[in-house]
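The values are calculated or read from the model by the stated rules, or taken from the named source; none is laboratory data. On a predicted model such as this, the values are computed, not experimentally measured, just so you know. For neighbour counting, all protein chains shown are included, and Cβ atoms are generated from backbone atoms with ideal geometry for every residue, glycine included.
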Amino acid sequence: MKTWLFFFRINIAGFALIHFLSIQPDFNDLYSYHGYVYPDIMDNTTDTISLTLVGLQGILHKIGYETLLWICRIAFPVSLLMLIAGLFTRVSAIVALFLQLLLIKSVHLYEYGVDGFTTFALFYCCIFPVGRVYSLDNRLLGKREVDDEPYLFLLKAHLSIAYFFSGFDKVIGVTWRNGEALWKVMHSHNYYSIFSLDFLAKTPFFVISCWATMILELAYGIFMNVRVTRPYWLMGIVLLHLFIALFMGLFFFSALLIILNLSAYYVPTLKPAQSGL
């Protein structure tokens, strides 16, 4: 059902908005000249292709860096709100994608996996007809039918490839095969766990968990696309990301991956009455 496009649009835009709002207490420390690293010093460590706030300010000249920073700080959430509402949907998505990349590349030393997934999700909002379902654009321009199958196939293919290579990267490493990788992750200073699982140290828990993760990811493209096994594999993937959230503290990463999986493999299977739309 085409309602997955609506689900995808509001959840991706809503997620990006909440993620952006969550860094507001530290925004100046990350981006301004009063922060941890001067923006021009940070800019010297980035690649020569990506546009940054410092680079954009150099192009605009007349607009000061702090003024430009405030413009982006306001424009990004506004574009996401317009995307949620489905108002000038494609333009809003393009603006949101541009500003997300601009902001992330400006502090690239702090970016991690969730930022890359947010980028491709917003990119899909640009090319998918997400404004054709339950949007203000429909009210203003009239409802137009759209074939959503090619876009859904693309999203499924992207996730299948991403999970396969994630699993492949793990299986070629000995620490994932013997359970050491999970043990290290849960004792790293970079991650946060709600409680310790050290009491399971002498059990096969860590080995089994590592192998379960690798199997889920390597076989994702097969069993997520078979109707009989899809509900069980989807449940396994959701549980995997809940585990990552609770025992690694990667709440935003886990939430985004769950949204993407539900968009691709759960919501399209619902009837309108079941989806509440």
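So here's what we get for this one:
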item	result
One residue from Ile104, Ile94 being in a helix (DSSP H, G or I), surrounded by fewer than 20 Cβ atoms within 10 Å (Cβ to Cβ), among the β-branched types (Val, Ile, Thr) and in contact with an Asp or Glu (Cβ under 9 Å, 6 or more places away or on another chain)	Ile104
So Leu99, is it of a type in the set (A, V, I, L, M), in contact with a helix residue (DSSP H, G or I) (Cβ under 7 Å, 6 or more places away or on another chain), without any contact (Cβ under 8 Å) to a residue 60 or more places away in the chain and part of a loop (DSSP other than H, G, I, E, B)	no
Test: residue in region 167-174 that is small (Gly, Ala, Ser), in a helix (DSSP H, G or I) and touching a residue at least 60 places away in the same chain (Cβ under 8 Å)	no
Residue among Arg132, Arg139 that alone is in contact (Cβ under 8 Å) with a residue 12 or more places away in the chain, among the charged types (D, E, K, R) and farther than 21 Å from Gly236 by Cβ	Arg132
Residue within region 128-151 that is assigned to a helix (DSSP H, G or I), within 23 Å of the chain's Cα centre (by Cα) and under 29 Å from Thr46 (Cα atoms) present	no
Residue count, region 1-27 (criterion: exposed (fewer than 15 other Cβ atoms within 10 Å of the Cβ) and more than 13 Å from the chain's Cα centre (by Cα))	6
Any hit, region 165-187, residues being in the same structural domain as Ala264 (by TED's automatic domain parsing) and at positive phi	yes
Residue in region 185-198 that is of a type in the set (A, V, I, L, M), at pLDDT below 95, part of a helix (DSSP H, G or I) and surrounded by 15 or more Cβ atoms within 10 Å (Cβ to Cβ) present	yes
Residue list for region 199-229, filter: modelled with pLDDT under 95, in a loop (DSSP other than H, G, I, E, B) and hydrophobic (A, V, I, L, M, F, W, C)	Ala201
Leu240 within 25 Å of Tyr124 (Cβ to Cβ), hydrophobic (A, V, I, L, M, F, W, C) and assigned to a helix (DSSP H, G or I)	yes
Residue, modelled with the highest pLDDT, within region 9-47, restricted to residues that are part of a loop (DSSP other than H, G, I, E, B) and within 27 Å of Ala93 (Cβ to Cβ)	Ile23
Cβ-Cβ under 6 Å pairs, at least 6 apart or on other chains, region 71-83 side within 13 Å of Ile12 (Cβ to Cβ), far side surrounded by 15 or more Cβ atoms within 10 Å (Cβ to Cβ) and polar (S, T, N, Q)	Ser79/Ser92; Leu83/Ser92
From Ala96, Ala85, residue being small (Gly, Ala, Ser), at pLDDT 95 or above and farther than 18 Å from Ser22 by Cβ	Ala85
When residues of region 204-218 are limited to those that are surrounded by 17 or more Cβ atoms within 10 Å (Cβ to Cβ) and in contact (Cβ under 8 Å) with a residue 40 or more places away in the chain, the one farthest from the chain's Cα centre (by Cα)	Cys210
Options Arg230, Arg177; residue that is out of contact with any Pro (no Cβ under 6 Å at 6 or more places or on another chain), more than 30 Å from Leu270 (Cα to Cα) and surrounded by 13 or more Cβ atoms within 10 Å (Cβ to Cβ)	Arg177
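Condition check ((1) among the polar types (S, T, N, Q); (2) in the same structural domain as Trp183 (by TED's automatic domain parsing); (3) more than 26 Å from Glu149 (Cβ to Cβ); (4) touching a strand residue (DSSP E or B) at 6+ places or on another chain (Cβ under 7 Å)) across all residues:
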position	(1), (2), (3), (4)
Phe223	no, yes, no, no
Pro231	no, yes, no, no
Leu234	no, yes, no, no
Ile237	no, yes, no, no
Leu242	no, yes, yes, no
Phe251	no, yes, yes, no
Ser254	yes, yes, yes, no
Leu260	no, yes, no, no
Ser263	yes, yes, no, no
